[in-house]
Amino acid sequence: MSAAPIPLTAEPCDYRTQCEPVRVRFEKLKAREVALKVENLGKVFRNADGGETVALRDIDLVTHRREFLCVVGPSGCGKSTFVRILAGLETKTSGTVSVGGVPVSGPGADRGMVFQGYTLFPWLTVKRNVAFGLEENGESRHVAEREALQWLALIGLERFADAYPHQLSGGMKQRVAIARALAMRPRILLMDEPFSALDAQSRARMQAYLIEIWRKIDITIVFITHDLDEAVTLADRILVLKAHPGEVEELIEVPVPRPRHPGQMLTPEFRATRARLDALIHPAEAEADGPADLGSLDMVTRMASVGDEVE
Ligand SMILES: Nc1ncnc2c1ncn2[C@@H]1O[C@H](COP(=O)(O)OP(=O)(O)OP(=O)(O)O)[C@@H](O)[C@H]1O
């Protein structure tokens, strides 16, 4: 893919300024049907000492079909609790969550989940791992394996269909985990820091793979990450949470055009968005170092480690 020229400008840029193609993309995105609706969501944990932790308070959010939403925030702001409630793995204390208009009351096939840790069955081949859920859902072994092979082709791992998880790299295991989740044809893919155990190079490759997959299929993605560059690279919008209690700080529309490529990390709109995230999440550091300096330091590290195949 040919990368657009990198405008090296020192001009200040407001992260809320959108060029025409980006503005039009958001207009279309918001006109699409609602995939996920969260209203007044709250979660209070009762602690062993009798006290309470308000993990989430009054979270309101609407995401649209085929939107890529990233969720960021300081440690303890409730990111994992939020995604676990969306998955139906955690109960909520108040509010409502609905997917495609249907209230969420537990785990369901309309939501797929990919976690940070490698969750493949080690005793099953790659193909059997992907086919597993389909067979559990009543498909014959033949049909399940045929579908599994199609998903493996989508993620470029059909050659490894008969390999076992221990024969794969960390990035490949996560690609299989994504294929396994997608095989169940969810409306929403929930991803809780799926790439954080990977080295920088594998992580950049995985980001590119994920964008490629997302472009090919009709899926809404909610992606939790600690990595602010990752959020700007992937997201249409970024939900920024603040901690104690976990509340919405800001919902940012990423002004970086698509298709995305690593060269965009040097563009004013990328840097302005990154600087805004730094200011919201690490206010003390951003003030001391200056947002632009922080951004460029990170960029140099990233640009040195991404491969040619990255979008
Ligand atoms: N099972 C639990 N019992 C009591 N408190 C909990 C429980 N799970 C989470 N918490 C608390 O709820 C708050 C939010 O936790 P959560 O793990 O969702 O945050 P997070 O943003 O994902 O954190 P991190 O970025 O460190 O992974 C924290 O204060 C945490 O200590």
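So, in the stretch 90-120, exactly how many residues are over 23 Å from the mean Cα position of the chain (by Cα) and not small (Gly, Ala, Ser)?
Qualifying residue count for the region: 1.
Return a yes/no flag: does the stretch 66-82 have any residue that is modelled with pLDDT of 95 or more, more than 15 Å from the ligand (Cβ to nearest atom), surrounded by fewer than 19 Cβ atoms within 10 Å (Cβ to Cβ) and in the same structural domain as residue 217 (by TED's automatic domain parsing).
So far as the stretch 66-82 goes, yes, one or more of its residues are modelled with pLDDT of 95 or more, more than 15 Å from the ligand (Cβ to nearest atom), surrounded by fewer than 19 Cβ atoms within 10 Å (Cβ to Cβ) and in the same structural domain as residue 217 (by TED's automatic domain parsing).
Considering only residues that are part of a loop (DSSP other than H, G, I, E, B) and touching a Gly at 6+ places or on another chain (Cβ under 9 Å), look in the stretch 106-120 and name the one that is nearest to residue 186 (Cα to Cα). Walk me through it before giving the result.
Step one: of the stretch 106-120, the residues part of a loop (DSSP other than H, G, I, E, B) are 106-110, 115-120.
Narrowing the set further to residues that are touching a Gly at 6+ places or on another chain (Cβ under 9 Å) leaves 106-110, 118.
On the way: 106: 14, 107: 11, 108: 9, 109: 6, 110: 4, 118: 20 Å.
Restricting to residues being part of a loop (DSSP other than H, G, I, E, B) and touching a Gly at 6+ places or on another chain (Cβ under 9 Å), the top hit is 110.
Among (1) in a strand (DSSP E or B); (2) within 11 Å of the ligand (Cβ to nearest atom); (3) crowded, with 19+ Cβ neighbours inside 10 Å, there is one condition residue 54 misses while meeting the rest; what is its number?
(3)
All but one of (1) modelled with pLDDT under 95; (2) more than 22 Å from residue 19 (Cβ to Cβ); (3) in contact with an Asp or Glu (Cβ under 9 Å, 6 or more places away or on another chain) hold for residue 262, so report the exception by its number.
Single failed check for residue 262: (2).
Could you go through the stretch 202-212 and let me know if any residue there is farther than 19 Å from residue 84 by Cβ, more than 15 Å from the chain's Cα centre (by Cα) and assigned by TED's automatic domain parsing to the domain that holds residue 45.
Quick first cut of the stretch 202-212, residues farther than 19 Å from residue 84 by Cβ only: 202-212.
Add one more test, that the residue is more than 15 Å from the chain's Cα centre (by Cα), and what stays is 202.
Narrowing further to those that are assigned by TED's automatic domain parsing to the domain that holds residue 45: 202.
Yes, the stretch 202-212 has at least one match.
Any residue in the stretch 64-89 that's closer than 23 Å to residue 216 by Cβ: show its pairings with residues that are assigned to a loop (DSSP other than H, G, I, E, B) and among the basic types (Lys, Arg) at Cβ separation under 9 Å, as long as the two are six or more apart or on different chains.
Matching pairs, first to second residue: 64/32; 65/32; 65/187; 66/32; 67/32.
Can you tell me which residue among 43, 37, 92 is within 11 Å of the ligand (Cβ to nearest atom), at pLDDT 95 or above and basic (Lys, Arg)? First the steps, then the outcome.
Working: 37 fails: within 11 Å of the ligand (Cβ to nearest atom); 92 fails: within 11 Å of the ligand (Cβ to nearest atom).
None of the other options fit; the residue is 43.
Could you please find all residues in the stretch 226-265 being in a helix (DSSP H, G or I) and crowded, with 18+ Cβ neighbours inside 10 Å? Outline the logic, then answer.
First, pick out the residues of the stretch 226-265 that are in a helix (DSSP H, G or I): 228-234, 262-265.
Result: 228, 229, 230, 231, 232, 233, 234, 262, 264, 265.
Considering each of 199, 192 in turn, give the residue that is surrounded by fewer than 19 Cβ atoms within 10 Å (Cβ to Cβ) and either modelled with pLDDT of 95 or more or not aliphatic (A, V, I, L, M) (or both). Even if it seems obvious, please write down each step before you answer.
Numbers: 192 fails: surrounded by fewer than 19 Cβ atoms within 10 Å (Cβ to Cβ).
Unique residue meeting the criteria: 199.
Among 221, 211, which is under 23 Å from residue 182 (Cα atoms), crowded, with 22+ Cβ neighbours inside 10 Å and away from the ligand (no atom under 16 Å from the Cβ)? Give the derivation first.
Numbers: 211 fails: crowded, with 22+ Cβ neighbours inside 10 Å.
One residue alone meets the criteria, 221.
The values are calculated or read from the model by the stated rules, or taken from the named source; none is laboratory data. Source: prediction; values computed, not measured. All Cβ positions, glycine included, derive from the backbone under ideal geometry; neighbour counts span all protein chains shown.
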